[in-house]
Amino acid sequence: MYEYTSSKSLFERAQQSIPGGVNSPVRAFKSVGGTPVFVAKAKGAYLYDEDGQKYIDYIASWGPMILGHAHQPVISAIQQKAEDSTSFGAPTLLEIEMAELIKSMTRNVDLVRMVNSGTEACMSAIRLARGYTGRNKFIKFEGCYHGHADMFLVKAGSGLATFNIQAVPGVTAANAQDTLTAPYNDLAAVEQLVADHKEEIAAIIIEPIAGNMGCILPKEGFIEGLRKICTENGIVLIFDEVMTGFRMASGGAQEILDIDADLVCYGKVIGAGMPVGAFGGKKEIMEHIAPLGNVYQAGTLSGNPLAMAAGIALLKELKADPGIYKELEAKTIYLRDGLDKVLSESGVPYVINQRGSMISVHFSAQAVTDFASAAAADLSRFNRFFHEMLKRGIYLPPSAFESWFLNNALTYTDLDETIAAAKSSLEAITGGR
Ligand code: KE4
């Protein structure tokens, strides 16, 4: 079983200079308890902590590492590009190549703007929708997370759900007043909001397959219903595909759900681990973005050459071999079925949600279809399961409100090891009862 000697001392040291010892709250293990693992390096499907202990990785840097860590074509692309300097603040050929690559892999992106994070992508998309429609309000869904911009921090998922932060100090009422919320999968609630706020709603933004409450799947007809509501009411439908983009399929959730959004936000995979986000969509909307239009949006490092080189190398490989997605899904289904077996044998109530290479385990006797049902699950049992798995060298997201992400460097031996660790972890938790 693992001890975390170096991580313990590093965490103490980190807290002297960094708030909570981390540069993003969900890394702090605050909800699961214990000491966060300080990662020294990673290769393929494995992380290595500062004591050299190896873990099978199911976070994949929260999604980007879809082909595994230190994937050679990505590393070589960064190394080669770094020789030419790291940033120019001027347009480059690489940005054209990235934009053309994104357009060639997705179904309705006429123009795309690169930014530096998923947060920037989503906040810019909302600003654009407001500028395009002349309306102020937007609808988001409880438990969905679109980054940490003020207007999104209303009943959000990910770290806010993890820490049960309902109202965020510093987010003014003025900033939150135009954010309307509805439960995920509740079309009637959306219809009511639209009826109550006629002509006031600029956008509906959604994670078409949600990953910030654990993995939550849209019910039959839900996303289609949103599409219809938006079309009928002149509302911009924004798919936040920061997680699902280029992960669910080359065309992301738009492809697997066969539904076109008006704007799509990307991140994670398109940067291959470098700081990248993007938003794009129909020309009639995107042409309102400066300098074409007056909806201002900017970024010193947007389209950074190293980030573009990394993202292009990864996307080219995914585009060239879409069979990777089938391989990844088969591995995820294998893991799901293995976990299903050991969980059912353990006798504890559970549900597993899975689509493509996103999966989550909820210790719940009821279906988990929205934030309320995710929050009603046995969170302390998840936390115990998390630590038992970690002790066995399996690195899961340190929160019941996060999706797991598989990478294609995982072997079936890794999956079998994970399933065996889950069996033994559940025995430890239930005393083998
Ligand atoms: P970033 O600003 O963290 O790059 O992206 C924000 C974002 C937007 N939309 C979706 C669907 C997202 O999942 C995210 C960020 N995801 C979290 C994981 N749940 C990032 C992890 C973290 O906050 O450290």
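The values are calculated or read from the model by the stated rules, or taken from the named source; none is laboratory data. Source: prediction; values computed, not measured. Counting neighbours? That spans all protein chains shown, and the Cβs are built from the backbone with ideal geometry, glycine included. In case anyone asks, the SASA skips ligands and DNA or RNA and just uses the protein heavy atoms, side chains included. Shrake-Rupley method; radii C 1.70, N 1.55, O 1.52, S 1.80 Å.
The figures follow:
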item	result
Length gained when the stretch GLU100-SER424 is fully extended (0.36 nm per residue, less Cα-Cα span)	111.8 nm
Translational D in µm²/s for the stretch 72-320 (Stokes-Einstein at 20 °C, 1.002 mPa s, Kirkwood Rh from C-alpha pairs)	117
Ratio Rg/Rh, restricted to the stretch 90-167 and using Cα atoms, in which Rh is the Kirkwood radius	1.06
Within the chain: Cβ-based charge dipole about Cα centre, in debye rounded to nearest 20 (Lys, Arg +1; Asp, Glu -1)	560
The chain: relative contact order as a whole-number percent, Cα under 8 Å and 6+ apart	23
Top of GLY303, GLY118, GLY170 by mean-square fluctuation, Gaussian network on the chain, Cα under 10 Å	GLY170
Loop GluC sites (Glu not before Pro), the stretch 54-115 (other Cβ atoms within 10 Å of the site Cβ: 12 or fewer; DSSP)	GLU83
Helical segments meeting 20 Å axial Cα length and Kyte-Doolittle -1.0 threshold in the chain (DSSP H)	118-133, 305-320, 323-346, 412-430
Rough spin-label spacing in nm, given labels placed 7 Å along Cα→Cβ, for THR300 and LYS43	3.6
Kirkwood Rh and Cα Rg combined as Rg over Rh, evaluated for the chain	0.95
Cβ-based charge dipole, the chain, positive-most Cα from VAL39, VAL190, ILE216	VAL39
Fully extended contour minus Cα-Cα distance, from SER24 to ILE333, at 0.36 nm per residue	108.2 nm
FRET E, pair GLU284, ALA173, Förster distance 56 Å, beta-carbon r, rounded to 0.05	0.95
Counting DSSP beta bridges with both ends in the stretch 72-320, the antiparallel % (nearest 5)	45
Exposure of TYR46 as accessible area (Å², to 10), given a probe of 1.4 Å and all protein chains	50
Computed [θ] at 222 nm, helices only, for the chain once each DSSP H run of length n ≥ 4 contributes -39500 (n - 2.57)	-11500 deg cm²/dmol
Estimated distance in nm for a label pair at GLN16 and SER344, the labels positioned 7 Å out from Cα along Cα-to-Cβ	5.4
Length added when fully stretched, ASN136-ILE165, from 0.36 nm per residue minus Cα-Cα	8.0 nm
